[in-house]
Amino acid sequence: MHVALWPPSAAERDPRDGRRALRDVQPAPPRTWAKRLFGRVVDAYFTADLRSLAAGRIVLALVLLLDLGKRWVDLGAWYTNEGLVPNHTLLWRPSYPHEVSLFYLASSPYEAVIGFVLCGLAYSALLLGVRTRLAHVASLVAVLSLHGRLLLFDNGGDVVLGLLCWWTVFLPTGRRWSVDALLRDRAEAPPPRAWVSAAVAAVFFQLALIYFFNAVHKGGSTWRDGTAVHYVLQLDRLVTPFGVWLRDRLTPAGSRVLTWSALATEWSLPWLLLSPIATRQCRRLAVGLVVMLHSGFGLCMNLGVFVPAMIAFAPNFIHGDDWDALARWWRRKPDRARATAGFAARGSALVIRISGWLSPGRWRPVTKPGPVVAWLARGSSVAREATVGALLFVAGSQLLDENPAAHRVIDHHNGAAVSAAVIYLNLFQGWSMFAPEAFTGDLNVAVDAITRDGRHVDPFNEAANPKYPAPGATIPPAMGCNWLFYQYAGRIVNWPVYNQAFQEWILRYPERTGRPEDHLVSFKVFKVEDDSPPPGEHAPRNARATLMFDYAGS
């Protein structure tokens, strides 16, 4: 369809009579309702602002670095053969039938340190946006390897972090606010404002489905009667010092308010995140609720990286108009704008100088790509979207398989190939945090070990928290251990096949302390449980200890 411009060009003049005549132009037909609906769906669910993707990349990289730092603190306990789960134990008796991790190549502490340093380099490159696509792929491999090495002890935060890394690896997160963007802008035209991809929809629907199934599954009595928050705050293996302070002052009425508020927030978030009406306003409210909800969780419970990983989804939902509004607000004060521009100019000059030293001549103006390059670019786009589609199929199948609420609609079970892909790629989709009931009992693993000089020590809880009180078959308030230790304690009681590795780790206690007098002559390992106090009370009930195994020396 040709649209005439005014004045008409020479080609539009009638050559027969010399008169200036416009070609017959028919107005473009109005868009049908189907096209309008399709455009609305694409805009609402498949399109993201490049600044939002860049902000999401930065927050994701920060959470990955946080996760790495938390694991680094107890590297010896979890990623070496001197730890609680040596390579040979997991390879001999894997917790899942299909596990893969590059950290199976690391057996000694220095080998694990090298692996952690490489992970840190990948995460740092992602944060700064240096070779962003390569850094994102390397970060995905790193997080899958870190989590895959301890798959049995992963919690929801580890799963969420891996999924966010998966879906965003297909997005151009380095087009803005990155070293790559700074150098590319010298050679190419500025990138478009928005990006359309099935991976955008994957990010949007993933977060919405997490909240939807968590809300649907919370149908137990503790959620209906409003006591769930009370009982969650009684879990000493999870509760923070602030949570202890709060539970001592929380009334039954306060528990009901907090419980039903949290449940109402989880119910509202899927609809706000995916609303096709007033999309900008709904998502703005949803982002605020996500940050508020999980900040509250983080204040009261030690959930590993679950809180920051969930918040890391939020920047991807920010509407482009909000970024524009923020920029206008920032420019209202000239001094602030000049200071920001000066800082950006100095940073840009430094980055350009360093890039010139490292790769002289790399950033040259690009010419229009030839037909072969253009064809390859189109082919890579198709392959990218097809890969996203395949991963969505696997994740969707797992969603139907792993969530009890989905089985009420369709009784679906994965085939062997899909199940293997889910485990290899860590595409787990079971969402039932504190559901259907909040836990009404607490659990710990305690070791009563006797040293050569007659002292009683607890090697496990000392490693989990150096400030752990005197040893004994107890559950002290706010244990304060790394989440991997309480995940281990919760799982090891049902996996006696790992008791041998646990016993060998306990016996290496003097090697870790460096004191020969800490040699252990005997020990007993207990599963310690108690019943949480009902609302209005503060002391646990029915404390009990069950012997898991013992060692009498030789």
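The values are calculated or read from the model by the stated rules, or taken from the named source; none is laboratory data. Because the structure is a prediction, the values reported are computed rather than measured. Note that each Cβ is placed from the backbone with ideal geometry, even for glycine, and that neighbours are counted across all protein chains shown. What goes into the accessible areas is simple: the full protein's heavy atoms, side chains included, and nothing from ligands, DNA or RNA. Shrake-Rupley method; radii C 1.70, N 1.55, O 1.52, S 1.80 Å.
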Any pair with Cβ under 8 angstrom, 6 or more apart, that starts in the range 126-153 at a residue that is in a loop (DSSP other than H, G, I, E, B) and ends at one that is polar (S, T, N, Q): 129/173; 129/178; 130/178; 149/101
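Answer yes or no: is there a residue in the range 509-527 that is surrounded by fewer than 17 Cβ atoms within 10 Å (Cβ to Cβ), part of a strand (DSSP E or B) and touching a residue at least 40 places away in the same chain (Cβ under 8 Å). Walk me through how you get there before you give the answer.
Quick first cut of the range 509-527, residues surrounded by fewer than 17 Cβ atoms within 10 Å (Cβ to Cβ) only: 510-517, 519, 521-522.
Narrowing further to those that are part of a strand (DSSP E or B): 521-522.
From the residues that got through so far, the ones that are touching a residue at least 40 places away in the same chain (Cβ under 8 Å) too are 521-522.
Within the range 509-527, one or more residues are surrounded by fewer than 17 Cβ atoms within 10 Å (Cβ to Cβ), part of a strand (DSSP E or B) and touching a residue at least 40 places away in the same chain (Cβ under 8 Å).
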Selection within the range 446-498 - within 16 Å of residue 238 (Cα to Cα) and in contact with a Lys or Arg (Cβ under 6 Å, 6 or more places away or on another chain): 479, 486
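Among residues belonging to the range 528-554 that are open to solvent by less than 60 Å² (accessible area, probe 1.4 Å) and part of a strand (DSSP E or B), point out the one that is farthest from residue 244 (Cα to Cα).
Initially, the range 528-554 is screened for residues open to solvent by less than 60 Å² (accessible area, probe 1.4 Å), giving 528-535, 545, 548-549, 551, 553.
Pick out the ones that are also part of a strand (DSSP E or B) and you get 528-531, 545, 548-549, 551.
Details: 528: 20, 529: 19, 530: 17, 531: 17, 545: 23, 548: 29, 549: 32, 551: 35 Å.
Going through the qualifying residues, I end up with 551.
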Residue match in the range 157-165 (condition: under 26 Å from residue 211 (Cβ atoms) and open to solvent by 10 Å² or more (accessible area, probe 1.4 Å)): yes
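So, of the residues in the range 54-94 that are open to solvent by less than 20 Å² (accessible area, probe 1.4 Å) and in a loop (DSSP other than H, G, I, E, B), which turns out to be nearest to residue 314 (Cα to Cα)? Spell out the reasoning first.
We begin by selecting, within the range 54-94, every residue open to solvent by less than 20 Å² (accessible area, probe 1.4 Å); these are 54-57, 60-61, 63-64, 67-68, 71, 75, 77-80, 83-87, 89-90.
From what is left, the residues that are in a loop (DSSP other than H, G, I, E, B) are 79-80, 83-86.
Numbers: 79: 31, 80: 35, 83: 36, 84: 36, 85: 35, 86: 37 Å.
My answer is 79.
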Tally of residues being among the β-branched types (Val, Ile, Thr) and modelled with pLDDT under 95 across the range 248-306: 4
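From 499, 494, 444, which residue is in contact with a strand residue (DSSP E or B) (Cβ under 6 Å, 6 or more places away or on another chain), surrounded by fewer than 16 Cβ atoms within 10 Å (Cβ to Cβ) and not acidic (Asp, Glu)? It would help to see each step written out before you state the result.
Details: 494 fails: in contact with a strand residue (DSSP E or B) (Cβ under 6 Å, 6 or more places away or on another chain); 444 fails: surrounded by fewer than 16 Cβ atoms within 10 Å (Cβ to Cβ).
The conditions single out 499.
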Candidates 446, 478, filtered to the one that is more than 30 Å from the chain's Cα centre (by Cα), at pLDDT below 95 and not in a helix (DSSP H, G or I): 446
